[in-house]
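Let me begin by presenting the structure, written as structure tokens, before commenting on it.
The values are calculated or read from the model by the stated rules, or taken from the named source; none is laboratory data. In this text the structure is predicted, and so the values were computed from the model without any measurement. Here Cβ is always computed from backbone atoms with ideal geometry, including for glycine, and neighbour counts include all displayed protein chains. When the accessible area is computed, the model is the full protein with side chains, heavy atoms only, and any ligands, DNA or RNA have been set aside. Shrake-Rupley method; radii C 1.70, N 1.55, O 1.52, S 1.80 Å.
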Amino acid sequence: MAKGVFITFEGVDGCGKTTQSKMLYRALPQSGARVFLTREPGGTDGANEIRRLVVTGKPGRWDPMTETLLMFAARRDHVERFIRPTIAAGKWVLSDRYVDSTVAYQGYGHGIPLPKIQQLHRLSTGNLYPSLTFIFDIDVEKALARTRVRGGSENRYEVMGLDFHKRLRKGFKEIAHENKERCVLIDADDKVENIHRKVISAINKRLGLKLKPVAVEGM
Ligand code: TYD
């Protein structure tokens, strides 16, 4: 059986990656792929319990290293119980956030040294990286304005301040520049359908597919 493909979506809060991951999820079956859409922190029952601990409550609820370990505990459960077996069964996994978010948020945002994050990634996931990562780049003030409209209680990171979010944007851009064979940096200050077209054209080029864009639906 052909090995499945693992693709991730990354960027600052409010960058539009969730919308884009859902559109690619609808587009991919054209290629005959069996596709699953998941997210982090979360994706399994155990990881969803950890998610609640990190995305709700006061910004200073965790010290940065504890927060990093919680992210990796959630990720390990997700990788072991869902991502790895699903890919091994020849299916495709799209994940709304993965390890690049830890590098950006806990590394660039909270100052955890990047080699420590890489070490924890090796330890907890056996160094599993996606084949392809889309990084959506947008002005953080515009992106945060979108998250305010959305509301809800999962806003622990959204209230961490503008400087924190600017560091995240810089982090994501550096990740894209340093990992060009894996990452595609997409200008996300555009209409949903235009960004989707950029995603489709990148995936066709990188993975040799002939996907057509799908229409924006119920958003
Ligand atoms: P997410 O559900 O993607 O939020 P949004 O849709 O607003 O982008 O992610 C929840 C939050 O968790 C998000 O603010 C980023 C944060 N996060 C980290 O800080 N480190 C990580 O490793 C991951 C996966 C997420």
*Size-normalised alpha-carbon gyration radius of the stretch 124-199, reference 2.2 N^0.38 Å*: 1.25
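Specify, per residue and in Å³, the volume enclosed by the convex hull of the alpha carbon atoms belonging to the stretch 6-207. Please list the in-between numbers first.
Details: hull volume 22.6 nm³, N = 202.
Once divided by residue count, the hull of the stretch 6-207 is 112 Å³.
Of the peptides 11-23, 113-125, how do they stack up when ordered by the mean number of other Cβ atoms within 10 Å, highest first?
On the way: 11-23: 22.5, 113-125: 14.8.
Highest-to-lowest ranking by the protection proxy: 11-23, 113-125.
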*Search the structure for amide H atoms under 5 Å from the amide H of Phe136, placed 1.01 Å from N in the peptide plane, and list their residues when 5 or more places away or on another chain.*
Glu10, Gly11, Ile186
*List the lysines whose alpha-carbon lies under 25 Å from that of Lys173, not counting same-chain residues fewer than 8 positions away?*
Lys17, Lys22, Lys116, Lys142, Lys191, Lys198, Lys205
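For the stretch 6-207, what is the accessible area per residue in Å², given a 1.4 Å probe and the full set of protein chains? Write out the running numbers ahead of the final one.
Working: 9180 Å² over 202 residues.
Here the residues of the stretch 6-207 average 45 Å² of exposed surface.
I'd like the carbon and sulfur percentage of the solvent accessible area for the stretch 6-207, probe radius 1.4 Å, heavy atoms only, ligands and nucleic acids excluded.
Values: 4700 of 9180 Å².
With neighbouring chains kept in place, the figure for the stretch 6-207 is 51 percent.
Where nothing but the Cβ of Lys and Arg (+1) and of Asp and Glu (-1) is charged, how large is the charge dipole of the chain around its Cα centre, in debye to the nearest 20? Numbers along the way, then the final one.
Numbers: 37 positive and 25 negative charges, 112 e Å.
Dipole size: approximately 540 debye.
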_How would the stretch 160-201 be classified by its alpha-carbon gyration tensor: rounded, prolate or oblate, with rounded meaning a/c under 1.5 and the a/b versus b/c comparison settling the rest?_
oblate
*Could you point to the residue in Gly111, Ile186, Leu144 farthest towards the positive end of the chain's charge dipole, with +1 and -1 charges on the Cβ of Lys/Arg and Asp/Glu respectively?*
Ile186
*Once whole DSSP H runs in the chain are found, which of them have Cα atoms spread over 27 Å or more along the helix axis and a mean Kyte-Doolittle score of at least 1.6?*
none
